[in-house]
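Read through the structure below, which is laid out as structure tokens, and then see the notes.
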């Protein structure tokens, strides 16, 4: 008899098994947008942001002088409520993961937390741009109503530069909200400190003469307000960049570190 030898089949290592593909970033962005829109608080907040632009139109029509009721001024007025409430949208996009206890599911399905943070930021940008565009349409409607009622006498001109600034300010506002949300990861705390700290710095800079020069560089109320005016100088863009490095970039970096290290329960 001839003995037949067989070579044992090598075990397939577990690492070589097919792993599920990571969800692409656009899909994660759509999921984050749905999270912001599908909750009752999210829908009310979005409606309130849109209504804030609508509410400014009667103010312009019945309080502003006739010659100041141009389309450009209408657009600027429509941004006031949006600039105030968009950061809250950014904060809630982050903090609700922990307050509603959905973080376990989120970070189990997508273990790379930096991808989740990027998706939240991109989703906030998408909604911010949509709301900014809606506010421009509201301003156009307000200017048309003023024309019909013979109350508006300003120009219909709207420079592309102003549209770009409207979009930029919307992106900055929601990004600062996301940064503060990741930094504090608590909804009431993040909202209170977002409005308190920059305004407190503005008040201190106005009262203390030695800090007035620093306040001109670090006060976002000044630096962001300046770029809304026509003919922005290079110095004003530089001041905006410095103030955003303190109030946007620094909280975002520290918040990403906290998000990466925080234990999910």
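The values are calculated or read from the model by the stated rules, or taken from the named source; none is laboratory data. Quantities reported herein were computed from a predicted structural model and do not represent experimental measurements. Reconstructed Cβ throughout: ideal geometry from the backbone, glycine too, with neighbour counts over all protein chains shown.
Worth pointing out:
- Verdict on residue 183 being in contact with a helix residue (DSSP H, G or I) (Cβ under 7 Å, 6 or more places away or on another chain), at pLDDT 90 or above, surrounded by 17 or more Cβ atoms within 10 Å (Cβ to Cβ) and within 30 Å of residue 41 (Cα to Cα): yes
- Within segment 26-55, the set of residues being in contact (Cβ under 8 Å) with a residue 40 or more places away in the chain, closer than 12 Å to residue 135 by Cα and surrounded by 20 or more Cβ atoms within 10 Å (Cβ to Cβ) comprises 49, 53.
- Test result for residue 109, at pLDDT 85 or above and surrounded by fewer than 22 Cβ atoms within 10 Å (Cβ to Cβ): no
- Elements of type helices (runs of 4 or more DSSP H) in segment 163-265, at least 3 residues being under 28 Å from residue 73 (Cβ atoms) and within 17 Å of the chain's Cα centre (by Cα): 187-207, 220-226, 234-244
- Filter pass, residue 176 being under 14 Å from residue 251 (Cα atoms), surrounded by 21 or more Cβ atoms within 10 Å (Cβ to Cβ), touching a residue at least 12 places away in the same chain (Cβ under 8 Å) and in contact with a helix residue (DSSP H, G or I) (Cβ under 7 Å, 6 or more places away or on another chain): yes
- Residue, surrounded by the fewest Cβ atoms within 10 Å (Cβ to Cβ), within segment 229-265, restricted to residues that are in contact with a helix residue (DSSP H, G or I) (Cβ under 6 Å, 6 or more places away or on another chain) and more than 25 Å from residue 118 (Cα to Cα): 236
- As a summary of the residue check, residue 23 satisfies the conditions (1) outside any helix (DSSP H, G or I); (2) at pLDDT 90 or above except for the one numbered (2).
- Residues of segment 221-231 satisfying the condition of being touching a residue at least 12 places away in the same chain (Cβ under 8 Å) and within 17 Å of residue 166 (Cβ to Cβ): 223, 224, 226, 227, 228, 230
- Applying a threshold of 8 Å to beta carbon distances and a minimum spacing of six or more residues, or different chains, the list of pairs starting in segment 204-220 at a residue that is free of Cβ contacts under 8 Å to residues at least 12 places away in the same chain and ending at one that is buried (at least 17 other Cβ atoms within 10 Å of the Cβ) and in a helix (DSSP H, G or I) reads 204/215; 206/215; 211/205; 212/205; 214/205.
- A residue that is more than 18 Å from residue 171 (Cβ to Cβ) and modelled with pLDDT under 85 occurs somewhere in segment 41-62.
- Single unsatisfied condition, residue 147 versus (1) without any contact (Cβ under 8 Å) to a residue 24 or more places away in the chain; (2) part of a loop (DSSP other than H, G, I, E, B): (2)
- Being farther than 30 Å from residue 137 by Cα, modelled with pLDDT under 90 and surrounded by 11 or more Cβ atoms within 10 Å (Cβ to Cβ) holds for only one residue in 68, 97, and it is 97.
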